[in-house]
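In what follows, a single structure is set out as structure tokens and then discussed.
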Amino acid sequence: MSEKIQRAHRKLLAELSNVLSARTHEAAADSVSLRDAVCAYVAVEHSRGTPLASVVAAVKDILRKAEAQAAQASDALAQQLIDWCHEFHPGTTGRKTIPAPGVS
């Protein structure tokens with residue numbers, strides 16, 4: 001591999017790493033926001049006299065619905081990433097759909 005290609009490779013790896021790092025940072029910030037939202041919800045429900053078991057059941061129900069939507073989005077994102085790999089990799093003859101791990 002030539003030095004020019006190696007530099008380009010390192011640059012692309014750094015760019016991908018930066019994007020993934022930024023997304024990880026955003027996820028951590030989102031976790032704080034999520035905690036704040038749960039705390040606010042619990043406080044309101046407590047002030048309404050809602051039993052803890054009912055609050056937990058409601059939060060679990062919300063989580064189940066969110067996970068189902070996220071799983072669909074995650075599967076679509078995984079397939080998009082795979083499609084991009086095939087689309088932009090020289091030598092491929094058209095796009096191929098290959099299931100991502102966990103995608104049937």
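Only one of (1) in contact (Cβ under 8 Å) with a residue 12 or more places away in the chain; (2) over 26 Å from the mean Cα position of the chain (by Cα) fails for Tyr41. Which number is that?
(2)
Need pairs with beta-carbon distance below 6 Å; first residue free of Cβ contacts under 8 Å to residues at least 60 places away in the same chain and within the stretch 67-93, second part of a helix (DSSP H, G or I); sequence gap 6+ or separate chains.
Qualifying pairs under 6 Å: Thr92/His86.
So, of the residues in the stretch 60-104 that are at pLDDT 75 or above and assigned to a loop (DSSP other than H, G, I, E, B), which turns out to be nearest to the chain's Cα centre (by Cα)?
Checked the stretch 60-104; the qualifying residue nearest to the chain's Cα centre (by Cα) is His89.
One line per residue, one yes/no per condition, for (1) among the basic types (Lys, Arg); (2) surrounded by 10 or more Cβ atoms within 10 Å (Cβ to Cβ); (3) at pLDDT below 90; (4) part of a helix (DSSP H, G or I):
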| site | (1), (2), (3), (4) |
| --- | --- |
| Met1 | no, no, yes, no |
| Ile5 | no, no, yes, yes |
| Glu15 | no, yes, no, yes |
| Ala22 | no, yes, yes, yes |
| Asp30 | no, yes, yes, yes |
| Leu34 | no, yes, yes, yes |
| Val38 | no, yes, no, yes |
| Val42 | no, yes, no, yes |
| Glu45 | no, yes, no, yes |
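The values are calculated or read from the model by the stated rules, or taken from the named source; none is laboratory data. Everything numeric in this text was worked out from a predicted model, so none of it was measured. We place every Cβ from the backbone using ideal geometry, glycine too, and count neighbours over all the protein chains shown.
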